[in-house]
Number of protein chains: 2
Amino acid sequence: MVSYVVYGRGSFNQLDEILAPNRKAGAPVIFLLDHFFSAGSGGENKPLVNRIPLRGNDKIIFADVTCEPKTTYVDALAQQLKDEFGTISGIIGIGGGSVMDLAKAVSLMMNNPGSSAGYQGWDLVKNPGVYKAGIPTLSGTGAEVSRTCVLTGPTKKLGMNSDFTPFDQIVLDPELIAGAPANQRFYTGMDCYIHCIESLEGTYLNEFSKSYGEKALELCQHVFLEKNEWNEECDDKLMMASYAGGMSIAYSQVGVAHAVSYGLSYLLGTKHGIGNCIVMNHLEEYYPEGVAEFKRMVEKNKIDIPTGICKNLNDEQFETMINVSMGMKPLWENALGKDWEKIMTREKLRSLFEKF
Amino acid sequence: MVSYVVYGRGSFNQLDEILAPNRKAGAPVIFLLDHFFSAGSGGENKPLVNRIPLRGNDKIIFADVTCEPKTTYVDALAQQLKDEFGTISGIIGIGGGSVMDLAKAVSLMMNNPGSSAGYQGWDLVKNPGVYKAGIPTLSGTGAEVSRTCVLTGPTKKLGMNSDFTPFDQIVLDPELIAGAPANQRFYTGMDCYIHCIESLEGTYLNEFSKSYGEKALELCQHVFLEKNEWNEECDDKLMMASYAGGMSIAYSQVGVAHAVSYGLSYLLGTKHGIGNCIVMNHLEEYYPEGVAEFKRMVEKNKIDIPTGICKNLNDEQFETMINVSMGMKPLWENALGKDWEKIMTREKLRSLFEKF
C-alpha cells in the first residue's frame, strides 16, 4: 500500500516540504504533468504549473495522454531521463489516471532493465523503482492507490502489477480536481462507480473490499445523484470515493464492463473512463440495478455517452477486441464464476460489441 | 501508513512466507504474544502458540499486559533483546492493543538510544525501528494501523507518535478474534465505536476521516445492535471496523471519553477499553445520541459496566486524574472547540469523575 498519504484542501502546498527528505544531491525531481496543464492546452489559465516547487535541476515534463500510456512511451521517457541525468531523485505524477500510471511505470523502469512490455503481468518487476509520488487532478480511477499501472503493449493491455508499483506518497488535494471539465469528471468518476458495482456484485469479495466498495459507492451516489449542484463537498467526496474504490480492488476484481472496455481501448484507443461508460450502458443483463442507476446518473448530469463507435468495424477488428477482452480471465471469473466461458461465448461478446 | 496489509480468514498461515524476505542471517524474529495465549493462562487450550512459524533462534516472549504498556517495560524488553541477540530481524506483536503498542515501541527502542519515556510526544523518534508486524487477536483499538503506541511513562500517558511508529506489515485474520471473551470483545469493540462518535462529532474532521469513521460506525452498529447472535460475519466486520476506525483517527482526534478515561487509567490502571465504557456511560451532555446508542449496545449485549470505581478516592487522587485528563489539550479542543477550558472546568471534571 501507499506508505504516505496526505489528504486535504491546499495540501499541494506541502509538496516542497514532502519532497525535501527524498532529494539526492545532483539528482533532479521530475514532475510529470498532464499536458492539459501546458500552455498549448490553455495551461496559461491554469496556474498549477507555477505552483510546482522546482529546485536545482528539477524538470517538468508534460505527458501526452491523448492516448493511454503505451509501453513504448514509458520506455522512451525512462531512456530520456537516464540519458539526461543518469539517475533522478524521484518522479511526481500530476494528472489523471494515465499520468499516475505513467509515473509509476517510469519510476520502475529507471531501475529495471529492458522494456516495460517485459513486465506486464504479475510480480515480474524485480527491483524497486525510484521514489514516486502521485497527485491526482481527476478522481475516479483509483490509480493513486493501486498496485498496478495499466499499459498498452505490443501484445496486450495489462499493468505492471507488483509490490514495487504503488506510489511511496500520494497528495490528495480536492482543490486540484475542481477545474476538471464536467464530462471528463463524470467519465472518470464512473470508473469508480463501475469498479464498485463490479466488485460488490462479483464472486471475489471479502469484508475488506466490501467495506471500501460500499463507502465508495455511497460517495458516488451522493455526488452524482443526490446533489443538485457541484460544489467543494463534491470534490472532497469524489476524491475519497476514488481512493476507497481503488482500495476495494485490492481484494476483489473488476468485471464485465472493464473486460469489454479493454477490448475497445486496445483496438480503438477509447479512453478508459468513457469506454467503461459506453460498455456499462449495455450491461443490463449482468448488472441490472447498477446499470439502471448508472443511466439515472447519466441523465441527471446531462452527459452524452457516444454511440456507434463499432458500426464500421470489420470481422478482423471484432476478433481483435474479442481476443483482448476474453484474455481478461480473472475479470470474467469474478463476474460470472468459474464457468464463465459457458456464459460469455465469443458470439455473445461479438453481439455486445456490435451494440456500441 | 502500514505498507503491507493482508486481510482474510486463515491469512495467519501466510506468516512464515511473509517473514522470509525480512529475516537477516543470525538475527531472530521475536514473537511478542499476549500472555492470554500462554499455558499458565489456559493457553494449552489455545493452539495459536503452536502455529507460530519459528525458525533458527526465533523466540516467543509472552507479554504481560495485566497493566497497559509502561515505558519501563518497553525499555526492559528492548534491553533484554539487545543483551541476548545484539540485534533482531524483527518483532511480531500478536494480541490486543497493548501488545500492538508494546511491539511497536520495542521495535523503535532497538534502534533509538535512551528510554522510551524520552520519545513520548510527537515526532521525537529519530531512527526507524527494526521490522515490525502486528497481528490482532482483539479488534477495536485501531492500534494495528495507528501512528502511535500509547505508553504510561513516569510523568504521562502518551504515545511515541512518529512516521516510524506504524507497523511495516499487518495480518488481519478474523479467525484470530473469534475466541475472545465476550466482555473483553465488547470493551475493545467499544473503543472503536467511541472513536467514531468522538471523531464524527468533533471539530477536527475532513472527508478522509469522515468516510472511514462513518464506515467503522456502521460496522459497529451492525455487529453490536443489529445482529442477534455473534458469528463469523461479526468477526469479519469488527476487524474491519477497528481498521477503519484507526484510519479515521489519522485526520481527526478522539474526544471527551478518551481524555477522561486517560485520567482513570493513569491513576487506577483501568484498562483502556473498559475505562472508555465507564466514562461514555456518563457523557450524555456531550454526545447525547452516541451515549443513548452505547447504552442500547450495553443492554443488548448484556455487558456489565463497572460502577463505584472512584468512590473511595481522596482529593489528591482526583487532582492527579484531573491533571492528566486536562493535559490532553487536542482531545478537548476537538470535542469542545478552542474555548474548551471555559466549558470543561476543573470543577466540572471533578464532578464527572465522582460519578464513576
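So which residues in the stretch A:73-97 are without any contact (Cβ under 8 Å) to a residue 60 or more places away in the chain and in a helix (DSSP H, G or I)?
Taking the stretch A:73-97 and keeping what is without any contact (Cβ under 8 Å) to a residue 60 or more places away in the chain, we get A:73, A:75-86.
Residues satisfying the conditions are A:73, A:75, A:76, A:77, A:78, A:79, A:80, A:81, A:82, A:83, A:84, A:85.
Give the residue, chosen from B:199, B:248, that is within 24 Å of residue A:239 (Cα to Cα), in contact (Cβ under 8 Å) with a residue 40 or more places away in the chain, of a type in the set (S, T, N, Q) and within 13 Å of chain A (Cβ to nearest Cβ).
Values: B:199 fails: within 13 Å of chain A (Cβ to nearest Cβ).
Residue meeting the stated conditions: B:248.
Which residues, taken from the stretch A:202-224, are within 14 Å of another protein chain (Cβ to nearest Cβ), part of a loop (DSSP other than H, G, I, E, B) and of a type in the set (Val, Ile, Thr)?
Let us first name the residues in the stretch A:202-224 that are within 14 Å of another protein chain (Cβ to nearest Cβ), namely A:204-223.
Keeping just the survivors that are part of a loop (DSSP other than H, G, I, E, B) gives A:204-206.
Result: no residue meets the conditions.
Within the stretch B:326-356, how many residues turn out to be in contact (Cβ under 8 Å) with a residue 40 or more places away in the chain, of a type in the set (D, E, K, R) and over 26 Å from residue B:307 (Cβ atoms)?
Number satisfying all stated conditions: 1.
Select from the stretch A:270-312 the residues that are surrounded by 15 or more Cβ atoms within 10 Å (Cβ to Cβ) and out of contact with any helix residue (DSSP H, G or I) (no Cβ under 8 Å at 6 or more places or on another chain) and list them in ascending order.
Within the stretch A:270-312, the first condition is being surrounded by 15 or more Cβ atoms within 10 Å (Cβ to Cβ), and the residues that meet it are A:270-283, A:286-287, A:290-291, A:293-294, A:297-298, A:301, A:303, A:305, A:309-310.
Of everything in the stretch A:270-312, nothing turns out to be surrounded by 15 or more Cβ atoms within 10 Å (Cβ to Cβ) and out of contact with any helix residue (DSSP H, G or I) (no Cβ under 8 Å at 6 or more places or on another chain).
Go through the residues of the stretch B:161-181 one by one and say whether even a single one is within 14 Å of chain A (Cβ to nearest Cβ), surrounded by 24 or more Cβ atoms within 10 Å (Cβ to Cβ) and of a type in the set (S, T, N, Q).
Within the stretch B:161-181, none of the residues are within 14 Å of chain A (Cβ to nearest Cβ), surrounded by 24 or more Cβ atoms within 10 Å (Cβ to Cβ) and of a type in the set (S, T, N, Q).
Within the stretch B:225-240, count every residue that is closer than 11 Å to residue B:192 by Cα and more than 9 Å from chain A (Cβ to nearest Cβ). Talk me through it step by step, then tell me what you get.
Applying the first criterion (closer than 11 Å to residue B:192 by Cα) to the stretch B:225-240 yields B:238-240.
Next cut, more than 9 Å from chain A (Cβ to nearest Cβ) only: B:238.
Number of matching residues: 1.
Starting from the stretch A:301-312, keep only residues that are among the aliphatic types (A, V, I, L, M), then list their pairs with residues that are surrounded by 12 or more Cβ atoms within 10 Å (Cβ to Cβ) and part of a loop (DSSP other than H, G, I, E, B) whose Cβ atoms are within a distance under 8 Å, requiring at least 6 positions of separation or different chains.
A:305/A:281; A:309/A:270; A:309/A:356
Could you check residue A:205 against (1) surrounded by fewer than 24 Cβ atoms within 10 Å (Cβ to Cβ); (2) of a type outside the set (Gly, Ala, Ser); (3) in contact with a Lys or Arg (Cβ under 8 Å, 6 or more places away or on another chain) and say which number it fails?
Result: residue A:205 passes all but (3).
No lab work stands behind these numbers, since they all come straight from the coordinates. Remember, predicted model here, so these are calculated numbers, not experimental data. Don't worry about glycine lacking a Cβ; one is built from the backbone with ideal geometry, like all the others, and counts go over all protein chains shown.
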